[in-house]
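Written below as structure tokens is the structure these notes are about.
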Amino acid sequence: MTITDKSLKKNLDILSKSVERIASLVSNLLKYTKNYWMFEKEIKFYNFFEENRLYFNELTGNNIKFEIDDSCKDIMLNIDTALIAEAISNILSNANKAVAKKYDLNISDYKGSIIFRVTKINNDTLKISIIDNGVGMSKDVLAKAFEPFFTTEEMAHTQGLGLPCAKGIIESHKGRIEITSKEGEGTTVDIYLPIVKGGLDEKNV
């Protein structure tokens, strides 16, 4: 292979990656602006969870602990399963990066942790909490966490749409999302989704 061929291949690789990034960016932007179709269906939360357990494990390198209250297993949700899985995966990806960054600090005896905790509130709301003990966020970064295209210096290679997309998806399901974080200690993202009326097994109430 000549130098010209190598240069051409390198340029084509760069172009290909740029096209992929733009396609992904546009896709995420459409989700953020809610210009997308939703395919909602009633499904037991636990069935949704089992369908995505391996995927969530892979996103965190199997560094995740699942804590699901027994009372939540028969709860019914009316959701677009693909979109909710994407929202959760965006949050898990951020948590995994936060833990990895803390490992980079070479803190003695540090053991990274990500917890996926599910509880119910007042029999009408399902709460999914994603808790990590990574690097956390400063107050300034936390205040801008849901702003589209906002990234920190360390996240300059990302598109800055993960959390805004997650927020848009959750709100389109008449839910809400909240973040609490402390720099150096970790972050908790709470997702609240409405339970389908009459979908909760009364035996678990």
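Bear in mind these aren't lab numbers, they're just calculated from the coordinates by the rules spelled out. Because the structure is predicted, anything quoted here is derived from the model rather than measured. A quick note on method: Cβ atoms are made from the backbone with ideal geometry, for glycine too, and the neighbour counts reach across all protein chains shown.
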**OP:** Would you mind checking the pairs Lys9/Lys144; Lys65/Lys120; Lys127/Lys182; Lys73/Lys139; Lys97/Lys144 and listing those with alpha carbons more than 29 angstrom apart?
**Re:** Lys9/Lys144; Lys73/Lys139
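What is the fewest-to-most order of Phe116, Phe66 by other Cβ atoms lying within 10 Å of their Cβ? Mind dumping the intermediate values first?
On the way: Phe116 22, Phe66 13.
Lowest count first: Phe66, Phe116.
Which of the peptides 92-105, 118-131 is most tightly packed, and how do the rest follow, going by the mean number of other Cβ atoms within 10 Å of each residue?
On the way: 92-105: 17.7, 118-131: 16.2.
Ranking the peptides 92-105, 118-131 by packing returns 92-105, 118-131.
At a Förster distance of 25 Å, what's the computed FRET efficiency of Glu51 paired with Leu142, Cβ-Cβ distance as r, to 0.05?
Values: r = 32 Å, r/R0 = 1.26.
E(calc), rounded to 0.05, equals 0.20.
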